[in-house]
Amino acid sequence: MKTKYYLIALLALSFLTTGSVLGQTSYLITSNKSWSAVLPNTCANCSIVISSGVTLTIDQSVTCQNCTFEGGNLSMTDKTLNIQYAGSVVTTLFKNIAFQIYGNDGKVIVNAPLSLDGATFTFNNGSYFNTSYQVDLVNSKVNLLDNATMYSTGGASTLMRLSSGSKIVIGDGSLASTAAFTVSGPSLSLYGASTVVVGNTNNAYYNWSSYSASPANSVNAATPKAYSTSSSTMNCGGPGQHACSSPALYGPATLANGGTLPGNTLPVTLTGFTARSNGDGTAQLTWETAMEQNASRFEIERSADGSSWSKIGSVNAKGNSASVSGYGFTDMSLLSGTSYYRLKMVDLDGSAVYSEVKAIQGTAVSHISFFPNPAKDYVNVTLGGTSTATVNVRLVSQTGAVLQEKSVAGGAGTIVTFPLQQVASGLYVLYVSAADGTHESSKLLINRQ
């Protein structure tokens with residue numbers, strides 16, 4: 001009976017509650033699911049394992065107490081994830097997981113020790129990340145893109161430790177980004193090749209206290225050396241720059257072993273990124289960079305929902321350039337509904353940052369075709385739009401008179417047939433239009449001989 005119960009649960013929910021292991025209830029997420037469908041609003045002592053390539057979407061504000069997350073992807077838009085401990089102080093672990101947070105109201109509030117191991121947290125738009133206990137990043141990355149902010153509070157005994165090449169990246173390479181990271185109290189330590197990267201002049205790192213860094217990769221290494229940034233005059237006070245104001249450190253700058261270095265390790269400085277429909281079922285993406293440092297390529301990613309992404313193309317970067325460089329890419333098949341696009345800007349060492357997200361609404365009218373032509377007894381009009389919105393198809397005379405008209409749901413492959421037995425020979429116009437303003441017209445010859 002127990003085996004049968006688990007089988008039924010797996011088929012019905014595509015996840016498996018495997019029982020209690022070391023006081024935790026385990027959930028295996030094997031297909032794309034929303035949190036509300038498979039997990040309680042407040043999940044206490046939960047071990048959440050997400051299969052590779054699978055996304056768990058947090059579709060409501062939730063609380064996780066004494067939790068661990070492993071594998072796969074997490075996504076959240078304009079919701080709050082509260083991370084807490086219950087009873088004794090327990091560390092919340094994210095292992096080998098990619099977490100995307102979207103929206104100006106997307107928040108991750110951490111009131112427990114936090115450990116990221118092989119994990120990536122990416123905060124988009126105006127989302128917010130707050131920590132108030134010890135934070136350990138091991139081979140992990142926190143990306144603060146667009147206007148996202150991170151705020152870490154606590155006392156001097158509250159540790160923030162980055163090791164094994166971990167990074168906190170403030171900014172996405174765009175000059176429009178105002179992402180910022182504030183450390184108010186905790187002791188920030190960098191080990192080995194770990195860094196905090198401040199992207200551009202509108203990105204900032206705030207910390208009245210010194211950070212410490214050690215060339216050794218182990219957090220148990222000898223006492224790291226302290227470096228102060230609170231009175232820095234780097235990248236401020238000049239033309240086009242912010243006024244110098246303690247304790248702000250503006251980019252481009254990198255906090256690293258050996259001190260604060262001018263410049264950043266972002267592969268490119270992105271100055272513009274646009275996406276537009278060509279009106280024929282294709283989309284044109286264009287972008288410009290003002291600077292490139294060891295840049296490898298731009299990977300173009302597309303999504304139907306803004307959370308699950310797939311690579312649809314790649315464009316090689318110039319590599320190293322201090323002048324403006326322009327790039328373009330054509331998506332030959334817009335998705336039905338809305339297509340979301342972003343750029344993954346990849347460095348030669350494999351590290352990467354993401355651009356802001358652009359969206360294009362699918363067109364209702366494009367790639368219209370008809371047959372036969374010349375026509376005699378009938379004509380078939382085939383629609384090629386990417387939207388299922390209602391379209392109007394008209395047969396119009398040379399004088400502008402509407403002889404026949406049909407309204408149908410659009411979408412690629414939809415066929416509209418007009419009988420022509422009562423229409424005289426001559427030249428006519430087939431006109432297709434939709435409420436979104438897209439339209440096409442073609443001449444049709446009717447030959448009754």
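What follows draws every value from the coordinates through simple rules; no lab data is involved. Values in this document were obtained by computation on a predicted structure and should not be read as measured data. Neighbour counts are summed over all protein chains in view; Cβ atoms, including those assigned to glycine, are modelled from backbone coordinates with ideal geometry.
General remarks:
- 3J(HN,Hα) couplings calculated from phi for region 94-101 with the Karplus curve 6.51 cos²θ - 1.76 cosθ + 1.60 (θ = phi - 60°) are, in sequence order, 10, 10, 6, 10, 10, 10, 10, 10 Hz; Gly and Pro show x.
- For Asn32, the amide hydrogen comes within under 5 Å of the amide hydrogens of Thr55, counting only partners 5 or more places away or on other chains and with H modelled in the peptide plane.
- Considering only Glu356, Glu405, Glu288, the Gaussian network model of the chain with Cα springs below 10 Å gives its largest mean-square fluctuation to Glu405.
- For the chain, modelled as a GNM whose springs connect Cα atoms under 10 angstrom apart, the maximal fluctuation among Ile415, Ile360, Ile83 occurs at Ile415.
- Nearest-20 debye value, the chain charge dipole, Cβ charges on Lys, Arg, Asp, Glu: 500
- Fluctuation leader among Tyr378, Tyr102, Tyr211 - the chain, Gaussian network, Cα springs under 10 angstrom: Tyr378
- Cross-link partners of Lys311 among aspartates and glutamates (Cα-Cα below 14 Å; sequence separation of 8 or more within a chain): Glu299, Glu301, Asp331
- What the Cβ-Cβ distance of Ser442 and Thr338 gives, at R0 = 30 Å and to the nearest 0.05, is a FRET efficiency of 0.60.
- Cα centre as origin, Lys/Arg/Asp/Glu Cβ charges: region 228-357 dipole, Debye: 60
- Label-point separation in nm, Thr286 to Thr414, each point 7 Å along Cα→Cβ: 3.1
- Average Cα contact separation per residue, the chain, under 8 Å, 6 or more apart, as relative contact order %: 7
- Links that overshoot a 22 Å alpha carbon limit, given the list Lys107/Lys141; Lys33/Lys344; Lys33/Lys79: Lys33/Lys344
- What the Cβ-Cβ distance of Thr399 and Ser88 gives, at R0 = 56 Å and to the nearest 0.05, is a FRET efficiency of 0.05.
- An oblate overall shape is assigned to the chain, the ratio a/c of its alpha-carbon gyration tensor axes (a ≥ b ≥ c) being 1.5 or greater and a/b not exceeding b/c.
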